[in-house]
Amino acid sequence: MGAGGTELNFLTTEDLTRNDLEEILDLADEFTRVLSRPIPKVPALQGKLVANLFFESSTRTRLSFERAARALSADVMSFSASGSSLSKGESLKDTALTIEAMGADLMVVRHRATGAPWRIAGWTGCQVINAGDGAHQHPTQAMLDALTLRRRFGDLDGLRVAIVGDIRHSRVARSNVFALTTLGARVVLVAPRTLQPVNCEGWPVETTDDFDAVVGSVDATYLLRIQTERGGASVFPSLPEYVSRYGMTRDRFARLPDDTVVLHPGPMNRGVEIDDVVAGHPRALILDQVTNGVAVRMAILFRLLGGK
Amino acid sequence: MGGILLTGGGVLTPAGEVRTDVLIEGGRVTAVGPRPEMTERTLADRTVIDVSGLVVGPGFVDLHAHLREPGQEWKEDITSGSRAAAAGGFTAVVAMPNTDPPTDAGHLARYVSDRGRQVGLVDVIPAGCITMGMEGLRLSHLDDLFAAGVRLFTDDGVTVADSGLLRRAMEYLQSRGGVIAQHAEDPGLGRGGHMHEGRVSSLLGMGGIPTQAETVIVARDLAVAELTGAAYHVQHVSCAGTLDLIESARRRGVNVTAEVTPHHLWFSDQQVLSMDPVAKMYPPLRTPADIEALLDGLRDGVIDAVATDHAPHAAHEKDVPFEEAPKGVTGLETAFSAVRTVLDPNPRLLFERMSVTPATIASLEGHGNWIEPGIPANLVVVDWHEQWTPETFLSKSANSLFAGVPLVGRVRFTFREGRLTHDSARLDVPAPSPGAGGLR
């Protein structure tokens, strides 16, 4: 993403400058004001067609994009993999070309395979927003997390953020590592070795497998969802053991500094990575993240489609 | 009478490179020497090809190509694969047995070699499966395959994981003179992997295949080869660690050979940052340090041979996200030029690694012979210095990492048993015959 108004796609946080990120957050602040009006809608993207292509199940991200696009008066088509022609064997390329032929201006793409949004951007003339590809990137999630932290702390400079959980398989973690550190935060990745990425020496982060060693010195803890459907069986010995070392239990929450906040990208496993009581605590900003997600996605849609 | 006279080339004879002429008659080289010595016989009805400035050597031998026939002819068949091979200067190609059905019995091997003969551009030598259906459960029809001419046995694409089964295959073939070739990739360490496990895979969040997936299998296999005395061949070595294992096993007297592909000598896992599935193959592209080690290994002889692992896939099959793409790249048409460019060897070294030694490993007596009277005229003429950029291919598939990459050195003519099978100036002419273009 380059200077304002010239972007084609929004695919990764890796190559965004601090200026890019701050412009998006500033714009999101403006859209937050729009969303608090009696009629939370502007005609900015009237006549534009946004297609949500979700090849992997998602509720919050898809609905958030729909809400954001409609608040900008764009038309929205949504597609989810189940019940689609994919089950009839159609290729991703043909699906994308079909949606393009219907007149889509922009595609919001989620796919289980790394790079799928890049492939679609290459095959079609549509602009593309990455709504999550494999374990690679989920850049709009990182933007809404950055917005949530900026709202709370005013500034991310020097902010110490612990991202805890299955870093290795997390696109949320990868996007946040680059977005948050570019904005000046110091990020520590907390996970057992089996869930840490291998060979991440070049990342601008610290890593540890000892949550308790850092819990007293962080401004924000970002808890990742543990995929209980995978059983966890091959990556840690048992869920109770995971909870005891890496869960945000009530006991661990009590040892956080007084103004430390808790974030989670959702959906939460209450009682696993986050205790039920902690999830409902005022310092858990999980619903703020959801609200901010709409404003951030409005900002990104507007930057890509507005003024054309 | 007839015959073809190659004049003025740098000819790779048993005594080294000599600037001289080569006479081909009746499918054999009948004379090697300066033209005056040949004037006693009339030149009138001979085809004379001026190859001055070019290098004349034994035709290349590929130990590892997927020609896809029978069963996957939309990717490649023995006709298109043979044309691609001839264009790459190959006179013999060992066809991998992971066809549909897999080559696990003699009649299937005969089908492949018969089809090769029918096409007539290269000797297509079938490799046979080690296990039935490549399922890793019971031995294939090893005797039957051997009788059909198979000398190299492999379940390429998968590893024979059962050490006991591997031992029995090695024991069985050791006395017959067969070679067990292994695609070394530990199923557990490689599980869920799509690329080299390293910094790039971590950045992309893609499942990785650590180099140890290769080295643990090679280490085990070398121990079993030592136990059985069998000839063992490591296919497509991808990492430095494997070279150390091979060297130390050789010092102990283990009968081990190894091959490397041109793409592993050239490209690193950085290539995957594009997320273009053309960079997807197993074993995956490794690190720049591995590339250096592989180049050294090939130069020093730790690695015996270059093999292409030519693995064609149709465009639509690769036009998907990386993780969903089939594995493999093509290589027959670019192998010589790629090795010439990246290794910058002297001609003799290159021909040892691409012709003489692979012919020995595959027990192909008619190939890989330094040029002298009496040998079958399986020859290639290369321009050592021509610069070119591959753009189109004779293979049915174009999933080449070298498309658009400037290369140095180019195959000019290929001869199989004295017949011209490729002329780079006449690519539009299918199956050229003696007397066709490039001649005067």
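Values computed for the structure shown
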item: Debye, to nearest 20: dipole size of the protein assembly as shown, +1 on Lys, Arg Cβ, -1 on Asp, Glu Cβ; result: 1180
item: Radius, Kirkwood style, for segment B:54-153 when every pair of distinct Cα atoms is counted (Å); result: 13.4
item: DSSP-loop trypsin sites (Lys or Arg not before Pro) across segment B:225-277, with at most 11 other Cβ within 10 angstrom; result: B:252
item: Dipole axis of chain A (+1 Lys, Arg; -1 Asp, Glu on Cβ), positive-most option in A:265, A:97, A:199; result: A:97
item: Chain B, helix-only ellipticity at 222 nm - DSSP H runs n ≥ 4, -39,500 (n - 2.57), divided by all residues, nearest 500; result: -8000 deg cm²/dmol
item: For segment B:315-323, Karplus couplings with θ = phi - 60° (6.51, -1.76, 1.60), whole Hz, Gly/Pro x; result: 4, 5, 6, 8, 8, 9, x, 3, 5
item: Counting DSSP beta bridges with both ends in chain B, the antiparallel % (nearest 5); result: 50
item: Using alpha-carbon coordinates, inclination of helix A:286-305 to the longest axis of chain A, degrees; result: 30
item: Order of B:90, A:79 under a 10 Å beta carbon neighbour criterion, fewest first; result: A:79, B:90
item: Vicinal HN-Hα couplings computed from phi for segment A:103-116 (Karplus, 6.51 cos²θ - 1.76 cosθ + 1.60; Hz; Gly/Pro x); result: x, 5, 8, 9, 10, 9, 10, 10, 8, 6, 9, 4, x, 4
item: Per-residue HN-Hα couplings for segment A:66-81 [Karplus 6.51, -1.76, 1.60; θ = phi - 60°; Hz; x = Gly/Pro]; result: 4, 4, 5, 5, 5, 5, 9, 6, 7, 7, 10, 10, 10, 9, 10, 4
item: Residues with amide H under 5 Å from that of residue B:67, placed H, sequence gap 5 or more; result: B:96
item: Simple Cβ-charge dipole of segment A:168-250, Lys/Arg +1 and Asp/Glu -1, about Cα centre, in debye nearest 20; result: 280
item: Ranking of A:200, A:126 by count of other Cβ atoms within 10 Å, fewest first; result: A:200, A:126
item: Cα lying deepest toward the dipole's positive end in segment B:71-214, options B:94, B:198, B:158, charges on Cβ; result: B:94
item: In segment B:30-139, GluC sites (Glu not before Pro) in a DSSP loop with at most 11 other beta-carbon atoms within 10 Å; result: B:40
item: Gap separating the Cα centres of segment A:264-304 and segment A:53-79, nearest whole Å; result: 17
item: Inter-site label distance for residue A:258 and residue B:292 at 7 Å from Cα along Cβ, in nm; result: 5.6
item: Net dipole in debye of segment B:188-259 [+1 Lys, Arg Cβ; -1 Asp, Glu Cβ; about Cα centre; nearest 20]; result: 100
item: Order of A:147, B:332, B:394 under a 10 Å beta carbon neighbour criterion, fewest first; result: B:394, A:147, B:332
item: Largest-first ellipsoid semi-axes for segment A:151-265, taking √(5λ) over the Cα gyration tensor eigenvalues, angstrom; result: 22, 17, 12
item: Within segment A:21-57, trypsin sites (Lys or Arg not before Pro) in DSSP loop having at most 16 other beta-carbon neighbours inside 10 Å; result: A:41
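A short reminder: the numbers here are calculations on the coordinates, not readings from a lab. Everything quoted here is computed from the prediction, not taken from an experiment. Here the Cβ is made from the backbone with ideal geometry for all residues, glycine too, and neighbour counts use every protein chain on show.
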